[in-house]
Structures are given as C-alpha cells and as structure tokens.
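Undergrad: I'd like to ask some things about the structure below.
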Amino acid sequence: MRLRVRGVAAVLMVATLGLGACSRQAAGPASAQAASARPSIVFMTDFGTANDAVAICRAVIYRIVPDVRITDITHQVTPYSIEEASRFLYGVTPYYPAGTVFLVVVDPGVGTSRKAIAVKSKKGQYFILPDNGVITPVLDRDGLESAREITNQHWMIQAPLSSTFHGRDIFSPAAAHLAEGWEFNLVGPPVQQLVRLSPKNSVASAKGIDGDVIGLDDPFGSLVTNIPGEDLKQLGYNPGDKVFVQINKRVVALPYAKTFMDVPVGESLLYIDSRGRVGIAVNQDNYSRKFSIAPPAKILIPRKGLPFKAR
C-alpha cells in the first residue's frame with residue numbers, strides 16, 4: 001500500500017514538474033516576443049568617444065528599460081553643429097520603422113531657456129531632443145503630428161538636474177520611458193511653435209548653380225554639397241563630361257563620373273552621392289586634406305557650354 005501511494009506521489013510530482021517546465025517554455029517565447037516588440041532607441045550626439053558621456057547615457061536608459069535595443073547614428077557630430085546633426089538625422093530616419101525613438105543630444109544651448117522636447121512625426125516616429133531646429137528637415141519631409149515640452153519630473157532622472165548634462169538627466173530617461181511604453185501625451189504640455197533651421201539651399205539660374213560645401217564625407221574627406229543631382233542634370237551635364245567648378249576662388253576641371261574607380265587612383269572627380277547630392281572626391285585619397293578645402297565653402301557650377309567666368 002505504501003509502495004502504491006509513493007508511486008502515485010511520484011507520478012504526480014513528475015507531472016507537476018512537467019507542467020512547470022511546459023509553463024516556463026511557453027513563457028520564454030512570449031517574453032522574447034514582448035522584448036522584440038519594444039521600439040529601438042537610435043542615439044546621436046556630439047559627445048565623441050574620448051570620455052564617459054555616451055556610456056553614462058546608456059546606463060541611465062538601461063536602468064529604466066533593461067531589454068531595450070540601442071543603436072547609434074554617430075557620436076562624432078562636429079561639436080555644436082546643429083546643421084550637421086540635422087543632415088545625419090534626415091538621412092537615417094527613412095530606414096527605421098514607425099515607433100522608433102530617436103535620441104539626439106547636440107545641444108549648445110544646454111542649461112538655457114531652450115526647451116527639451118518630445119516630437120512625434122506623421123510617420124509615427126518619436127524624437128527626444130533639444131528645441132534648436134535639429135529636427136527641421138525631418139519634419140519638412142515627414143510632417144509634424146505633435147510636439148511637447150519635457151516638463152514631467154517623472155520622465156527625468158530621479159536626482160538633482162545638472163545645468164550642463166541634460167543628455168543624462170532629461171533626454172536619456174525620457175527616451176527610455178517612451179520606449180518602455182509610457183504615454184507620449186504625459187511628457188508635458190504641447191509646444192505650439194518649434195525653433196526652425198534656415199537651411200542653405202543652392203540657387204539655380206540661367207547661368208548655372210550657386211551652392212555651398214556643407215560637410216565632409218569623413219573619413220574619406222569627400223566634399224558634400226547642397227546641390228541636388230537633378231539640378232546638375234538640368235544644367236546639361238551627363239556622366240563622362242568635364243565640368244568646370246569654382247570652389248571658393250579656385251577653378252578646377254573635374255570629370256563627371258558615376259563612381260570613384262571611373263578615374264585613376266589619386267585623381268579627382270565630381271559625382272552624385274548616395275543621397276542624391278553633388279559630391280567631389282579623390283579616388284582613394286582625401287580631397288579636403290589634399291586641396292585644403294573644408295566647409296563652409298562656396299561652389300559655382302556653370303551651365304554646360306557657357307564660357308566660364310570665375311567670380
């Protein structure tokens with residue numbers, strides 16, 4: 001009798017353990033699915049990598065939402081360059097899905113009256129950043145659904161706020177709470193008018209195009225301009241043509257090529273970059289360093305066939 005009772009107890013124990021194991025196995029994929037459904041945080045700063053600032057911001061985020069995925073645009077934005085950060089943000093956002101949280105800390109006005117804001121675009125992407133115009137190009141393209149000032153103390157670090165490190169104290173925790181699923185509208189009051197950048201646009205005329213060198217494609221040192229590739233086509237140029245270009249006060253003749261290896265190694269070329277803008281490079285060398293040209297710089301491209309008159 002005792003043996004029979006013990007046998008029944010053993011069977012019940014095995015069954016219970018089996019159900020527990022099944023329960024744990026069933027919970028595993030569900031937990032993984034919940035984690036994978038959490039939006040990513042895409043992070044960009046001008047902090048560089050020679051200090052601990054980025055690591056501290058990440059630690060603040062992970063402390064709030066440990067299973068979030070953080071990816072980086074760059075932390076090498078030229079210090080204080082809101083325009084460069086806006087260009088990188090504009091280039092990256094189309095490749096991320098709705099719900100992504102973009103965390104941008106390029107903030108020369110930290111500690112002043114400039115607002116810390118949370119923005120939702122009409123594409124359903126979220127942005128945590130300073131109200132200094134860095135989001136202007138993205139909203140011009142994607143549209144603005146809502147903008148709010150980050151004033152709710154519960155969205156910030158639970159410690160005294162620094163006047164010089166809002167990346168740690170305001171922006172990172174706000175991004176973390178948003179990724180965690182906190183209600184966007186609770187971050188603070190609506191912002192009626194955002195600060196806007198006034199981007200430099202090239203100007204086309206019957207004589208040609210006046211534009212600007214607005215950045216470098218580092219580490220290669222290629223010149224990035226604000227001249228759309230379509231505008232170059234409207235001037236009559238086709239790949240294979242020689243194009244006279246004035247950069248600042250220097251006139252150079254450049255072959256219009258489709259890719260770098262269309263010219264010999266060490267030779268210069270004009271091309272349309274992957275973002276659809278006119279670029280100038282040296283095949284396997286650094287154009288900026290070789291010719292001592294860095295932004296800002298003026299650039300002039302005449303209409304094809306017109307006599308070139310340097311300005």
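Undergrad: Pull up all non-local amide H partners of Leu144: gap of 5 or more, or a different chain, and H-to-H distance under 5 Å with H placed in the peptide plane.
TA: Lys122
Undergrad: Could you work out the equivalent-ellipsoid semi-axes for the range 164-240, taking the square root of 5 times each eigenvalue of the Cα gyration tensor, largest first, in whole Å?
TA: 42, 18, 13
Undergrad: Using Cα-Cα distances under 8 Å and only pairs 6 or more residues apart, what relative contact order does the chain have, in percent?
TA: 13
Undergrad: Using only Cα atoms, what is the ratio of the radius of gyration of the range 191-311 to 2.2 N^0.38 Å?
TA: Expressed relative to 2.2 N^0.38 Å, the Cα Rg reads 1.08.
Undergrad: Out of Thr112, Trp155, Pro130, whose Cα points farthest toward the positive end of the dipole of the range 39-188 (charges: +1 Lys, Arg; -1 Asp, Glu; placed on Cβ)?
TA: Trp155
Undergrad: Could you compute the net charge surrounding Glu84? Neighbours are other residues with a C-beta less than 11 Å from the C-beta of Glu84; K and R count +1, D and E count -1.
TA: Net charge around Glu84: -2.
Undergrad: Connecting C-alpha atoms closer than 10 Å in a GNM of the chain, tell me which of Pro295, Pro160, Pro239 has the biggest fluctuation.
TA: Among Pro295, Pro160, Pro239, the largest GNM mean-square fluctuation belongs to Pro160.
Undergrad: Counting only residues 5 or more places away or on other chains, whose amide H sits under 5 Å from the amide H of Asn226 once H atoms are built in the peptide plane?
TA: Answer set, sorted by chain and number: Asp212, Ile214.
Undergrad: Let me ask you something else. With the other protein chains left in place, how much accessible area per residue, in square angstrom, belongs to the chain at a 1.4 angstrom probe?
TA: So the chain comes to 54 Å² accessible per residue, rounded to a whole number.
Undergrad: Right, another one. With Cβ to Cβ distances under 12 Å as the rule, what net charge do the other residues near Val252 carry (K, R +1; D, E -1)?
TA: Spelling it out: positives minus negatives among the neighbours equals +3.
Undergrad: Measure out, as a whole number of angstrom, how far apart the alpha-carbon centroids of the range 145-222 and the range 64-122 sit.
TA: Using only Cα atoms, the two centres lie 5 Å from each other.
Undergrad: Mind pulling up the Rg/Rh value for the range 156-207? Radius of gyration and Kirkwood radius, both on Cα.
TA: 1.27
Undergrad: In a shell of Cβ-Cβ distance under 9 Å around Asn283, excluding Asn283 itself, what net charge do Lys and Arg (+1) and Asp and Glu (-1) give?
TA: After counting each charged neighbour, the total is -3.
Undergrad: Report the FRET efficiency, 1/(1 + (r/R0)^6), for Leu161 and Asn201, where r is their Cβ-Cβ distance and R0 is 41 Å, rounded to 0.05.
TA: Plugging the Cβ-Cβ distance into 1/(1 + (r/R0)^6) gives 0.60.
Undergrad: Let me test this: with uniform point scatterers at the alpha carbons of the range 35-159, what is the Debye-based log₁₀ I(q)/I(0) at q = 0.17, 0.18, 0.20 1/Å?
TA: For the range 35-159 at q = 0.17, 0.18, 0.20 Å⁻¹, log10 I(q)/I(0) is -0.92, -1.04, -1.32.
Undergrad: How are the Cα pair distances of the chain distributed, in percent, across 20 Å bins from 0?
TA: 28, 41, 22, 6, 2, 0
Undergrad: If you don't mind, another one. Quick test of the membrane-span-like rule: which DSSP H helices of the chain reach at least 27 Å along their long axis (C-alpha atoms) with mean Kyte hydropathy at least -0.5?
TA: What comes out of the filter, once short or polar helices are dropped, is 2-37.
Undergrad: Can you tell me the length gained on complete extension of the stretch Phe291 to Lys233, counting 0.36 nm per residue apart and subtracting the Cα distance?
TA: 18.3 nm
Undergrad: Can you list the lysines whose alpha carbon sits under 26 Å from that of Lys298, skipping same-chain ones fewer than 8 residues off?
TA: Straight-line reach from Lys298, under 26 Å: Lys200, Lys207, Lys233, Lys242, Lys249, Lys258, Lys290, Lys309.
Undergrad: Continuing with this model, one more query. Consider just the alpha-carbon atoms of the range 205-267 and return their Rg together with their Dmax, both in angstrom.
TA: When restricted to the Cα atoms of the range 205-267, Rg and Dmax are 12.3, 36 Å.
Undergrad: Roughly how big is the chain's charge dipole about its Cα centre, with Cβ charges of +1 (Lys, Arg) and -1 (Asp, Glu), in debye to the nearest 20?
TA: In total the dipole reaches around 460 debye.
Undergrad: Still on this structure, please answer the following. How high is the FRET efficiency between Asp273 and Tyr80 when r is their beta carbon distance and R₀ equals 22 Å, given to the nearest 0.05?
TA: 0.35
Undergrad: Under a 10 Å cutoff between Cα atoms, tell me which one of Gly211, Gly236, Gly279 has the largest fluctuation in the Gaussian network model of the chain.
TA: Result for the chain, Cα springs under 10 Å: Gly236 fluctuates most.
Undergrad: With all protein chains present, how much of the accessible area of the chain (probe radius 1.4 Å) comes from carbon and sulfur, to the nearest whole percent?
TA: Here carbon and sulfur together make up 57 percent of the probe-accessible area.
Undergrad: List the residues whose amide H sits under 5 Å from the amide H of Tyr96, counting only those 5 or more places along or on another chain, with H placed 1.01 Å from N in the peptide plane.
TA: Those qualifying (amide H under 5 Å, at least 5 residues apart or on another chain) number zero.
Undergrad: So how strong a dipole does the range 187-284 carry about its Cα centre when Lys and Arg Cβ are +1 and Asp and Glu Cβ are -1, to the nearest 20 debye?
TA: 260
Undergrad: Further question on the same structure: Could you compute how fast the range 235-278 diffuses translationally, taking Rh as the Kirkwood radius over C-alpha pairs and applying Stokes-Einstein at 20 °C with viscosity 1.002 mPa s? Give it in µm² per second.
TA: D = 192 µm²/s.
Undergrad: Once fully extended, how much extra length lies between Thr71 and Gln153, figured as 0.36 nm per residue of separation less the alpha-carbon to alpha-carbon distance?
TA: 26.9 nm
The values are calculated or read from the model by the stated rules, or taken from the named source; none is laboratory data. Quick caveat, the model's predicted, so the values are computed rather than measured. Neighbour counts run over all protein chains shown; Cβ positions are idealised from the backbone, glycine included. Surface areas here come from the heavy atoms of the whole protein model, side chains and all, with no ligands, DNA or RNA. Shrake-Rupley method; radii C 1.70, N 1.55, O 1.52, S 1.80 Å.
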